[in-house]
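All of the numbers you see were taken from the coordinates with simple rules; none came from a lab. Predicted model only: the values in this text are computed from it and were never measured. Heads up, the Cβs are rebuilt from the backbone with ideal geometry, glycines too, and the neighbour counts pull from every protein chain shown.
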Amino acid sequence: MEFLSPSTWEEALAAKSAHPDAVPITGGTDVMVELNFDQHRPPALLDLTRVTELFEWEPDGSQLRLGAGVSYTTIIEKLGRHAPALAQASRSVASPQIRNRGSVGGNLGGASPAGDSHPPLLATDATIELASVRGTRHVPAREFYLGPRRTARQQDELIAAVLLPQPSGPQQFCKIGPRNAMVIAVTAFSLAFNTATREVGTGIGSAGPTPLRATEAEQFLAAEFDWDSGALSEEAIRRFGELVASAARPIDDVRGTADYRKHALSVIARRALGWSVSEYRKGEPQCV
Amino acid sequence: MRVTFEVNGEEVTADNVWAGESLLYVLRERLGLPGSKNACEQGECGSCTVYLDGSTACSCMIAAGQCEGRTVQTVEGLVEESGEGTDKQLGSVQEAFVEAGAVQCGFCTPGLLVQTDDLLSRTVRTGQEAPADTEIREALAGNLCRCTGYEKIIDAVRLAAEREAEKSGGGAA
Ligand SMILES: Cc1cc2nc3c(=O)[nH]c(=O)nc-3n(C[C@H](O)[C@H](O)[C@H](O)COP(=O)(O)OP(=O)(O)OC[C@H]3O[C@@H](n4cnc5c(N)ncnc54)[C@H](O)[C@@H]3O)c2cc1C
Ligand code: FES
Ligand code: FES
């Protein structure tokens with residue numbers, strides 16, 4: 001097994017092109033588990049931790065450009081205002097030690113349906129920046145997840161960054177797990193209001209073969225919500241929960257049954273909506 | 001491959017490192033630093049916690065090659081120089097764990113010590129208040145202990161925090 005350690009982005013792309021089988025490694029919190037347990041013996045590891053661009057973030061006009069390697073800890077500490085739902089999700093990941101190393105790029109690279117960054121990326125209509133020696137392209141998160149652990153990323157491509165629209169309204173992330181810390185989600189949900197376009201976005205985690213959107217629920221809520229007064233009936237909140245649950249395609253597994261996941265989703269979707277609506281009425285900027 | 005990095009203030013070199021080898025393995029098996037414990041190798045237990053370039057991480061989750069040229073501090077690096085010559089004595093966090101009865105089999109202890117040291121660095125050592133119980137629990141959420149039931153561990157962290165706050169003259173800010 002080779003250890004490739006490029007120090008620039010160009011070198012990293014060239015290395016990935018020359019060794020398409022090389023496994024990129026950033027925080028290592030997914031990759032090392034597989035290596036330690038000998039589940040996978042790739043021909044090469046491609047260490048991305050020396051490529052400084054991947055660890056940078058900057059507000060860029062109407063969006064935040066988040067380097068693929070930026071740790072959850074940095075997102076929590078620095079980016080609560082720029083990316084409220086993603087920051088909330090980051091708080092819920094694993095332990096401080098894992099959050100110091102784990103990255104959104106790594107979460108996207110592994111593309112587990114249980115990854116906590118996926119629901120906020122879907123809800124906020126984020127874009128994934130992919131690059132290879134052939135060039136750079138932008139794929140909406142909503143088109144990125146194709147199947148179980150299958151994504152729009154091509155073999156010779158690396159994830160460069162995630163582009164998050166500046167928030168324009170309340171954002172929430174809720175996660176169900178058997179304890180407060182160190183759990184993979186039984187199910188998770190994210191909701192984002194876009195006051196500028198009068199649209200809402202949703203993202204469902206751990207309740208289908210990929211992270212999912214609840215498009216019917218989004219359309220229902222955008223039409224039902226009174227964007228001027230912030231009014232929304234109890235009945236509409238209940239219906240929204242049902243529509244979110246019906247968009248899920250969960251299975252029974254060790255972490256929970258399909259029925260439980262649907263029920264839990266309807267509950268956390270209602271809660272996320274309730275919190276968002278009161279925040280909307282207060283008109284305060286989202287701040288975590 | 002060969003990996004050269006700094007551990008506890010000294011430059012070290014490990015030879016014949018396999019590309020997929022963890023920092024934990026290199027520390028324990030090649031460098032003779034068995035303080036960091038190997039209990040799960042999947043990031044779940046925290047007993048292998050070290051500092052890498054100043055922030056804490058599970059050393060079983062770091063590929064050794066990622067440490068080339070970087071700085072690592074292990075639990076061995078938490079001891080303090082005693083006045084005379086090369087003698088070392090337990091650091092204040094370590095003392096507090098012993099005194100509070102937070103050590104039984106000791107397997108989890110190294111990781112807890114490093115994680116506690118980090119918590120104190122971010123709080124009392126910068127003149128901030130001693131961490132609240134919720135902050136202590138949050139900081140230690142990734143460290144499993146099979147023996148103590150955690151209460152003694154939390155007592156130990158409180159004790160260490162109080163002492164360090166006194167030492168630094170701050171803590172009540
Ligand atoms: C104890 C423990 C608890 C965990 N809890 C959670 C949790 O609560 N929620 C959660 O979502 N996850 C959790 N995880 C999983 C993991 O921490 C996350 O998926 C994390 O985001 C992975 O990031 P990383 O940088 O460590 O990725 P790595 O392990 O370095 O890589 C992960 C995958 O992405 C690929 N990759 C990495 N960077 C790139 C890139 N720039 N371009 C292309 N591909 C890339 C790798 O090849 C690999 O396939 C947990 C892991 C552990 C060990
Ligand atoms: S041995 Fe590294 S976390 Fe358990
Ligand atoms: S003292 Fe035995 S595992 Fe903690």
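Quick notes
- The calculated FRET efficiency for residue A:39 paired with residue A:62, based on their beta-carbon distance and R0 = 30 Å, is about 0.10.
- Per the Debye formula on identical point scatterers at the alpha carbon atoms of segment B:12-162, with no solvent, log10 I(q)/I(0) at q = 0.09, 0.14, 0.17 Å⁻¹ is -0.28, -0.68, -0.97.
- By the compact-protein rule of thumb, 2.2 N^0.38 Å, the alpha-carbon radius of gyration of segment B:79-170 corresponds to a ratio of 1.06.
- Annotation for residue A:11 and residue A:275: the two label points, set 7 Å from Cα along the Cα-Cβ direction, are 4.3 nm apart.
- For residues of A:25-38, the mean tally of beta carbons on other chains within 10 Å: 6
- Placing unit charges on the Cβ atoms only, positive for Lys and Arg and negative for Asp and Glu, gives segment B:54-114 a dipole magnitude near 340 debye about its Cα centre.
- Nearest-0.05 FRET efficiency for residue B:79 and residue A:139, computed from C-beta distance (R0 60 Å): 0.75
- Estimated FRET transfer efficiency (residue A:259, residue B:42; beta-carbon r; R0 30 Å; 0.05): 0.50
- Remark: the residue B:71-residue B:29 segment gains 13.3 nm on full extension, using 0.36 nm per residue and subtracting the alpha carbon distance.
- Directionally averaged shadow of segment B:3-77, computed from the convex hull of its alpha-carbon atoms, nm²: 4.2
- Helix-only CD estimate at 222 nm, as mean residue ellipticity for chain B, using -39500 (n - 2.57) per DSSP H run (n ≥ 4): -8500 deg cm²/dmol
- Per residue, the convex hull spanned by the Cα atoms of the protein assembly as shown measures out at 153 cubic angstrom.
- Projected label points at residue A:199 and residue B:53, each 7 Å from Cα along the beta carbon direction, are separated by 3.7 nanometres.
- Pairwise label distance in nanometres, residue B:104 with residue A:231, each label 7 Å out on the Cα-Cβ vector: 6.1
- nm² value of the averaged projected area, convex hull over the Cα atoms of segment A:1-47: 3.1
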